[in-house]
Amino acid sequence: MKDKRLRDKLYNATDQDLRFTKEDRNEVFEQIHKLEKNNIKKKTFGYSSKKFAPLTASLLVVGLCIFLFMPSILPGNFITENKEGNASESVYKEDAFLTTLLTVKDDNNRVPINLLLTYSKDKKTMKVLSIPRDTYAPILDKHNGTTSYDKLTFAYDYGSGGAENVRTTVSTLFDLPIDYYGVIDLETLSSMIDSVGGIDYDLQEDIQVRAISQVAFEFKKGTNRLNGEEVAALIMDATVGRNLNEEDQLNLINAVVNETINVLPQTELKQFMTQIEGDLPIEKLLENKMELPSIQSVSLIDGMIDTKIDDAYYIKFEKDFLQSVSEELTTFN
């Protein structure tokens, strides 16, 4: 505990020094990435590794559904627009599903966490995909109408596009319509977690992970009491498979839901939820409950291609791989 307090003190003492320019921060993160790569197996293109987690009767399932979905808004027929702009019935009509993008935004308007969720009402199944912040993605500049490729983390602030721009970017990347989207500030997430005294999470070994407001966090093996940014940092790590994996990601979400959404008084929870930017029908989401027997994690790890462009680090994906992921997200057997 003494070492942890000393480490936290050092982090806090240097926090101001870590608020560099965009170029300086990118350079620092580049160095962190190089260190992390020493502990990562080289990734090659292939089909995604998907881990099915049976969570029957789990509070995670109930909590996520209260937070993100409402049965009455699930369309009977899923409608999209074709390239000519005309409405057409989707190929997924037989298995109606709902898509939602949940994003966490830091105080620099960057989006380190992007969770794409699909839900089948008939199958009562949810699928979750976490997208790396460094993903090489098509981002629309609303000022001039042009699309440029950059890191997904910049999508919110790119051309002052905001939350809707994040949805457009992810939708274009996966060629998948997104019905609802919500952006929550990291500060709000942290406040939610702090309001219940933090989240307990067990780690199997000592690890160092990339952080958001500072360079990195170090965690000791065993039970760690986490704040909002620490939770986000661990989810980011699990997204790219550095120290953690899909199971850890689901367990972290489970812990957040159990300790906040299922514990906070309804009035306090509503106050936090109203701070979410986007088009989620917050009031109705909090009033409706759903039963969901299972949740499945869909991973991008097997398709990640580490890439350097103009000395900047990106994660790229082959088009065919992204198509296979979209099919997995929208296929409910």
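Could you tell me whether any residue of segment 85-105 is modelled with pLDDT of 50 or more, of a type in the set (D, E, K, R) and surrounded by 15 or more Cβ atoms within 10 Å (Cβ to Cβ)?
Residues of segment 85-105 modelled with pLDDT of 50 or more: 96-105.
Within this subset, residues satisfying the condition of being of a type in the set (D, E, K, R) are 105.
With surrounded by 15 or more Cβ atoms within 10 Å (Cβ to Cβ) added as a condition, the list becomes 105.
Within segment 85-105 (the criterion being modelled with pLDDT of 50 or more, of a type in the set (D, E, K, R) and surrounded by 15 or more Cβ atoms within 10 Å (Cβ to Cβ)), the answer is yes, since at least one residue qualifies.
Checking 226, 173, 244, 252 one by one, the residue that is under 28 Å from residue 325 (Cβ atoms), touching a strand residue (DSSP E or B) at 6+ places or on another chain (Cβ under 6 Å) and either buried (at least 18 other Cβ atoms within 10 Å of the Cβ) or among the small types (Gly, Ala, Ser) (or both) is 173 and no other. Looking only at segment 122-166, which residues are basic (Lys, Arg), at pLDDT below 95 and either part of a loop (DSSP other than H, G, I, E, B) or over 26 Å from residue 301 (Cβ atoms) (or both)? Once the filter is applied, which keeps residues that are basic (Lys, Arg), at pLDDT below 95 and either part of a loop (DSSP other than H, G, I, E, B) or over 26 Å from residue 301 (Cβ atoms) (or both), segment 122-166 yields 123, 124, 142.
Against the conditions (1) touching an Asp or Glu at 6+ places or on another chain (Cβ under 9 Å); (2) farther than 22 Å from residue 127 by Cα; (3) at pLDDT 90 or above, residue 184 satisfies every one except (2). Among the residues of segment 307-320, those identified as under 19 Å from the mean Cα position of the chain (by Cα) and not aliphatic (A, V, I, L, M) are 314, 316, 317.
Scanning segment 195-204 for residues that are modelled with pLDDT under 90 and not small (Gly, Ala, Ser) returns a single hit, 196. Return yes when residue 196 is surrounded by 21 or more Cβ atoms within 10 Å (Cβ to Cβ), in contact with a helix residue (DSSP H, G or I) (Cβ under 8 Å, 6 or more places away or on another chain), over 19 Å from residue 100 (Cα atoms) and not small (Gly, Ala, Ser) and no when it is not. No; evaluated as a whole, the condition is false for this residue. Within segment 201-222, being in contact (Cβ under 8 Å) with a residue 40 or more places away in the chain and either small (Gly, Ala, Ser) or within 16 Å of residue 264 (Cα to Cα) (or both) holds for 213, 216.
Restricting segment 99-119 to residues that are in contact with an Asp or Glu (Cβ under 6 Å, 6 or more places away or on another chain) and assigned to a strand (DSSP E or B), the residue that is farthest from residue 296 (Cα to Cα) is 105.
Taking segment 144-178, which residues are basic (Lys, Arg) and over 12 Å from residue 103 (Cβ atoms)? Before you say what the answer is, go through the steps one by one.
Just the residues of segment 144-178 that are basic (Lys, Arg), to begin with: 151, 167.
The one that is basic (Lys, Arg) and over 12 Å from residue 103 (Cβ atoms): 151.
Just checking, how many residues over segment 167-190 are in a helix (DSSP H, G or I) and in contact with a helix residue (DSSP H, G or I) (Cβ under 9 Å, 6 or more places away or on another chain)? Give the steps one after another, and end with the answer.
Quick first cut of segment 167-190, residues in a helix (DSSP H, G or I) only: 167-174, 186-190.
From what is left, the residues that are in contact with a helix residue (DSSP H, G or I) (Cβ under 9 Å, 6 or more places away or on another chain) are 169-170, 173-174, 186-190.
Within segment 167-190, residues that are in a helix (DSSP H, G or I) and in contact with a helix residue (DSSP H, G or I) (Cβ under 9 Å, 6 or more places away or on another chain) number 9.
Applying a threshold of 7 Å to beta carbon distances and a minimum spacing of six or more residues, or different chains, the list of pairs starting in segment 260-282 at a residue that is closer than 13 Å to residue 102 by Cβ and ending at one that is among the polar types (S, T, N, Q) and surrounded by 14 or more Cβ atoms within 10 Å (Cβ to Cβ) is empty.
Across segment 303-323, the number of residues qualifying as surrounded by 17 or more Cβ atoms within 10 Å (Cβ to Cβ) and outside any strand (DSSP E or B) comes to 5.
Being buried (at least 18 other Cβ atoms within 10 Å of the Cβ) and under 24 Å from residue 116 (Cα atoms) is true for just one of 149, 158. Which residue is that? Break it down into steps so the answer makes sense when it comes.
Values: 149 fails: buried (at least 18 other Cβ atoms within 10 Å of the Cβ).
Of 149, 158, the one residue that is buried (at least 18 other Cβ atoms within 10 Å of the Cβ) and under 24 Å from residue 116 (Cα atoms) is 158.
Confirm whether residue 268 is modelled with pLDDT of 95 or more and either surrounded by fewer than 17 Cβ atoms within 10 Å (Cβ to Cβ) or β-branched (Val, Ile, Thr) (or both). Judged against the criteria, residue 268 is not a match.
The values are calculated or read from the model by the stated rules, or taken from the named source; none is laboratory data. Note that the structure is predicted; figures quoted are calculated from it, not measured. Neighbour counts are summed over all protein chains in view; Cβ atoms, including those assigned to glycine, are modelled from backbone coordinates with ideal geometry.
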